[in-house]
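The structure under discussion appears below in the form of structure tokens.
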Amino acid sequence: MQSQIVAVTVSDLRNIKEGDEVVLNGWLQEIRLLKNISFLVLRDHTGTIQITSKPDTTSGYDKLAQMTRETVISVTGTLTRKTQSKSGIEVLCKSIKVLNASKSPLPLGIIDPVSADIETRLTNRFLDLRKPEVALIFRTESELLWGMREFFHDSGFVEVHTPKIVAAATEGGADLFPVQYFEKQAYLNQSPQLYKEILISAGMNRVFEVGPAFRAEKHNTPRHLNEFTSIDIEMGFADHHDAMHMLQEGIKSGLKHLVSHRPDIVASLSQQVEVPVGDFPKITYRECIRKLDSHGEAVKFGDDFTPEQLKLIGAEFTGFYFITEWPSSLRAFYTHPKPGDETVSNSFDLQYREFEITSGAQRVHDPAMLEERLRSKNLNPDDFSFYLNAFRYGMPPHAGWGLGLERLSLIILNLQNIREAILFPRDRTRITP
Ligand code: AMO
């Protein structure tokens, strides 16, 4: 007896018997009409399948000629393995229902070999995201994040959600988006920095957050967004070494999760995904200066590295590496100076080639030192009283970091432009869709 199956996905078809009846819902990706037979390709979120349709077996065969690409359809048919199609299975169509027709022509082709420029793709992002290779970026991101979440959860971190409308800058006053907050001036948060530290004073011990961060950076580069996804952690009774360890293990767990739970995704990626083994190498800022000097690149202590210089440093490593002990002058006010050599700090960046993926540090926990650090950066401690108060009544030593999710996808998937790694990018000129 044949079993009747209702609404399966394309990937379910592998496990269905020859001759069984199936219903498939999806988009009409392609249609090739011949005189006595037509070939359709239906796409759903799991893949594509060829649907063969004949006038004598498909009811309403003559309506196929009016169907436009990307129309949402529901196909009823039987599964057959007697096929020349690549997947080795196809569905012989009994009937097709149009659930919603698509306008034609499409502003952006889904399968057309000519790849559109990034602006056209982003303007028509709902269509762009239908391309399996584009959808794969976000499935990968989701798996990575899931693996990292699991790791932090299992390591005793509490997932928190801090305000995004704030009264003070954390990462430098120049890059703030102002918000009119009733009678007051407010800003979109650049980082959960101040709040994650306050939560350490609040006794939460280990917190992590995944949320949006806003930077009014004017430059328009393939590495910068004006709104990005920040993965942040903060740990009490910990220093920068502990924070670096958590970062390294968190990234490994994200990658392990991706590889072990979704080998299908990994197999479809054009880029090979490997889970790093062992500790990520570390190099100090001063060692970087010496290395650059040997390449004929003179860098003054206190200067930031250019992307070209980071390329030279990155060429020495095969994967992730830390640059540690950055000059205190280059780091934000909350960064703890290195005891005994206060010109540098207990800070680090995680790099992959020339790309900075994460910044982190041990933080200043002494309120007097913190006030002094604010003043040295020309900031007014009065503007930070809500934050400083948390340091005056028992703040543990603490450390943490912030990682840009899109930067991580950029390097793992070897993307050309960070805009590809976020669903709806916000950049210097784009606030829609
Ligand atoms: P920082 O400002 O270095 O540090 O940011 C941390 C990480 O966030 C990502 N990132 C960005 N990604 C895309 N577009 C941008 N414009 C952008 N700016 C930053 C990067 C970067 O490494 N509070 C500290 C973190 C900490 O010490 O905990 C901070 O925000 O991947």
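The values are calculated or read from the model by the stated rules, or taken from the named source; none is laboratory data. Keep in mind that this is a model prediction, so the values were computed, not measured. Quick reminder, even Gly has a Cβ in these numbers, built from the backbone with ideal geometry, and neighbours come from all protein chains shown. Quick note on the areas: whole protein, heavy atoms, side chains included, nothing else; ligands and nucleic acids left out. Shrake-Rupley method; radii C 1.70, N 1.55, O 1.52, S 1.80 Å.
What the table shows:
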read-out: Failed item, numbered, when Ala267 is tested on (1) within 30 Å of Thr46 (Cβ to Cβ); (2) touching a Phe, Trp or Tyr at 6+ places or on another chain (Cβ under 9 Å); value: (2)
read-out: Residue list for region 133-157, restricted to those being open to solvent by 60 Å² or more (accessible area, probe 1.4 Å) and within 16 Å of Ile233 (Cα to Cα); value: Trp146, Arg149, Glu150, His153, Asp154
read-out: Enumerated helices (runs of 4 or more DSSP H) restricted to region 79-185, each holding at least 3 residues that are aliphatic (A, V, I, L, M), within 16 Å of the ligand (Cβ to nearest atom) and touching a residue at least 40 places away in the same chain (Cβ under 8 Å); value: 132-154
read-out: Residue list for region 276-285, filter: surrounded by 15 or more Cβ atoms within 10 Å (Cβ to Cβ) and either of a type in the set (Val, Ile, Thr) or farther than 23 Å from Ser409 by Cα (or both); value: Ile283, Thr284, Tyr285
read-out: So Glu308, is it surrounded by fewer than 20 Cβ atoms within 10 Å (Cβ to Cβ), under 18 Å from the mean Cα position of the chain (by Cα) and either away from the ligand (no atom under 14 Å from the Cβ) or on the phi < 0 side of the Ramachandran plot (or both); value: no
read-out: So Phe348, is it away from the ligand (no atom under 16 Å from the Cβ) and touching a Phe, Trp or Tyr at 6+ places or on another chain (Cβ under 9 Å); value: no
read-out: Filter result for Glu342 (over 18 Å from Arg223 (Cβ atoms), at pLDDT 95 or above, open to solvent by 10 Å² or more (accessible area, probe 1.4 Å) and not aromatic (Phe, Trp, Tyr)); value: yes
read-out: Ser294 open to solvent by less than 20 Å² (accessible area, probe 1.4 Å) and modelled with pLDDT of 95 or more; value: no
read-out: Extreme residue, farthest from the chain's Cα centre (by Cα), among residues of region 9-19 that are in contact (Cβ under 8 Å) with a residue 12 or more places away in the chain and surrounded by fewer than 16 Cβ atoms within 10 Å (Cβ to Cβ); value: Gly19
read-out: Enumeration of residues in region 364-408 that are free of Cβ contacts under 8 Å to residues at least 24 places away in the same chain, within 21 Å of Thr343 (Cβ to Cβ) and of a type outside the set (A, V, I, L, M); value: Glu371, Glu372, Arg375, Asn378
read-out: Helices (runs of 4 or more DSSP H) within region 365-433 that include 3 or more residues more than 13 Å from the ligand (Cβ to nearest atom); value: 367-376, 385-392
read-out: Selection within region 262-283 - of a type outside the set (A, V, I, L, M) and at pLDDT 95 or above; value: Pro276, Gly278, Asp279, Phe280, Pro281, Lys282
read-out: Within region 311-335, tally of residues that are among the hydroxyl-bearing types (Ser, Thr, Tyr) and under 22 Å from the mean Cα position of the chain (by Cα); value: 2
read-out: Looking only at region 228-243, and only at residues there that are among the aliphatic types (A, V, I, L, M) and within 17 Å of Tyr334 (Cα to Cα), the one that is nearest to the chain's Cα centre (by Cα); value: Ile233
read-out: Hits in region 20-54 (condition: open to solvent by 40 Å² or more (accessible area, probe 1.4 Å) and under 35 Å from the mean Cα position of the chain (by Cα)); value: Asn25, Trp27, Glu30, Ile31, His45, Thr46, Thr48, Gln50
